[in-house]
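To start, the structure under review is shown below, and the notes come after it.
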C-alpha cells in the first residue's frame with residue numbers, strides 16, 4: 001500500500017537558512033551529546049515530496065558534504081546537494097548511494113541511512129525525543 005507521507009532525518013547545521021527546518025512538521029528532535037548539531041525527524045506529505053526535495057537541495061550548505069534522507073516503508077530517498085538517489089529500505093540496495101557518498105568523502109559510518117522505515121523510529125529516537133503533535 002502506497003504511503004501518503006514520508007519521514008526524514010535532517011540536521012540543523014546542514015542548511016544555509018537555519019529556519020528552513022521550520023517549514024516541515026517536526027515529529028522528533030535530538031541534540032547530539034558529542035557533536036554541535038541537533039537532529040530532527042520531519043514529516044512530508046506525499047504531494048509535497050518533489051517540492052521538499054528541491055527545497056532541501058537548494059538549502060543544503062555546499063561547504064561540507066551534507067545530505068538528508070527521506071523514507072517510508074517502501075522506499076528511501078537520499079538527497080545530496082547535487083544528486084538525489086532512490087533505493088529500497090534494505091541495505092543491499094544502497095550501493096549507488098554509498099559509492100556516491102564516498103566520492104564526497106562522507107565517512108562510512110555516516111552512510112547508514114537509519115531509520116529508514118517508520119517502525120525503526122522507536123529504536124532510533126528516545127521516548128523524550130518525540131514531539132507530541134496536536
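The values are calculated or read from the model by the stated rules, or taken from the named source; none is laboratory data. Remember, predicted model here, so these are calculated numbers, not experimental data. Cβ sites come from the backbone with ideal geometry, for glycine too, and all protein chains shown count toward neighbours.
Observations on the model:
- Residue 85 within 15 Å of the chain's Cα centre (by Cα) and closer than 25 Å to residue 129 by Cα: no
- For residue 74, the criteria (1) touching a residue at least 60 places away in the same chain (Cβ under 8 Å); (2) over 21 Å from residue 125 (Cα atoms) hold in every case but one, which is (2).
- Residue 19 passes every criterion in (1) out of contact with any strand residue (DSSP E or B) (no Cβ under 9 Å at 6 or more places or on another chain); (2) surrounded by 15 or more Cβ atoms within 10 Å (Cβ to Cβ); (3) more than 28 Å from residue 102 (Cβ to Cβ) apart from (2).
- Filter result for residue 30 (in contact with a helix residue (DSSP H, G or I) (Cβ under 8 Å, 6 or more places away or on another chain), touching a residue at least 12 places away in the same chain (Cβ under 8 Å) and either in a helix (DSSP H, G or I) or surrounded by 13 or more Cβ atoms within 10 Å (Cβ to Cβ) (or both)): yes
- Close contacts from the range 82-98, counting a first residue that is modelled with pLDDT of 95 or more and a second that is part of a helix (DSSP H, G or I) and surrounded by fewer than 15 Cβ atoms within 10 Å (Cβ to Cβ), with Cβ to Cβ under 7 Å and a gap of 6+ residues or different chains, come to 85/96; 87/93.
- Scanning the range 59-80 for any residue that is under 24 Å from residue 17 (Cβ atoms) and in a helix (DSSP H, G or I) turns up at least one such residue.
- In the range 84-134, of all residues being part of a loop (DSSP other than H, G, I, E, B) and touching a helix residue (DSSP H, G or I) at 6+ places or on another chain (Cβ under 6 Å), the one that is surrounded by the fewest Cβ atoms within 10 Å (Cβ to Cβ) corresponds to 111.
- Residue 64 satisfies every condition listed in (1) modelled with pLDDT under 95; (2) touching a strand residue (DSSP E or B) at 6+ places or on another chain (Cβ under 6 Å); (3) surrounded by fewer than 20 Cβ atoms within 10 Å (Cβ to Cβ) except (2).
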